[in-house]
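Derivation of every value follows stated rules applied to the coordinates shown; laboratory data play no part. In this text the structure is predicted, and so the values were computed from the model without any measurement. For neighbour counting, all protein chains shown are included, and Cβ atoms are generated from backbone atoms with ideal geometry for every residue, glycine included.
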Amino acid sequence: MSLYQSSILAKPIPSQARYMFFALKSVEALPAALDTLSQWVDGKSVVAGFGSPLVLALGAKVPGLRVFPAINAMVENPSTQHALWLWLLGDDRGELLHRSQAIETALAPAFNLLQVTEGFRYGTDRDLTGYEDGTENPVDEAAVDAAIVANAGAGLDGGSFVAIQQWQHDLNGFAALPSEEQDNIMGRRKSDNEELDDAPESAHVKRTAQESFTPEAFIVRRSMPWTENGKSGLMFVAFGRTLNAFEVQLRRMSGLEDGIIDGLYRYSRPLNGGYYWCPPMKDGRMDLRAVRP
């Protein structure tokens, strides 16, 4: 049996999701709330991520966990670090709604729910722009190596770190661009997903080429589109054995490495950002030894 929460790497992603973000309300109520949370989190239908505010409130430390960095130099990448993130997955939107409401009620003594966003699968794992998402994801053992912590000790092995940014797209503005310009922003052709040899240096593919970093910066992306109140975009979710790979990619995308800003910022902007630690599993439940000795 694997030690990691299985939906981190399971394929395909179910057709529906709900992302729940919580702030800590009562430290005194935490022990009972974590016991309750453990009854919900199976790693398959519910994935949990602990933010640094929660880990610190527990008097613990998870090596490598930190607050999401606010990068506001050439472009804006806000930090909206929360205490707890839950990723609910399934194929029935109504069932996810009822499940999320039950979880919110059960955790209410210790946590305030700040945000719920619905995600959904579009086509064959496409972004709402029509381009395929996650094309360069590592697979099989390479995915495990990229996303799952190993050789760190009991209570840590099998864990994972996740970086989350909710991006809001200007889909009308993007659709108004010539198809060739759209392809140059992405660095791929929408028609066949082939990478462009002559793409500009600002192309997203070139900004985030995982093998171009030293050390290589491989992550496993499990993003999904979202839409709400006439707005829409991509809930970017990337798992890694550390947070370093994502962070170096974000810094390069933002122009901090060489002054070249990723073309994505021409039509999309991140609304928030958070880092979380996803505890490993043991006997079908979260292994919380790292934060609850």
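Of L24, L84, the sequence from fewest to most neighbouring Cβ atoms within 10 angstrom is L24, L84. As a proxy for reagent exposure, D125, D145 were ordered by neighbouring Cβ count within 10 angstrom, fewest first; the result is D145, D125.
Among the listed pairs K61/K282; K11/K61; K61/K231, those with a Cα-Cα distance over 29 Å are K11/K61; K61/K231. Each part gets one Cα centre, and for segment 205-229 versus segment 82-101 those centres are 24 Å apart. Put +1 on the Cβ of every Lys and Arg and -1 on every Asp and Glu Cβ in the chain; which of T124, G230, Q249 then has its Cα farthest towards the positive end of the dipole? Sorting the options by dipole projection puts first G230.
Its DSSP H runs of at least 4 residues, each contributing -39,500 (n - 2.57), put the calculated 222 nm mean residue ellipticity of the chain at -6500 deg cm²/dmol, to the nearest 500.
In whole angstrom, note down how far apart the Cα centers of segment 112-159 and segment 1-69 are. Answer, in whole Å: 14. Taking Cα atoms only, the orientation of helix 93-107 departs from the longest principal axis of the chain by about 50 degrees.
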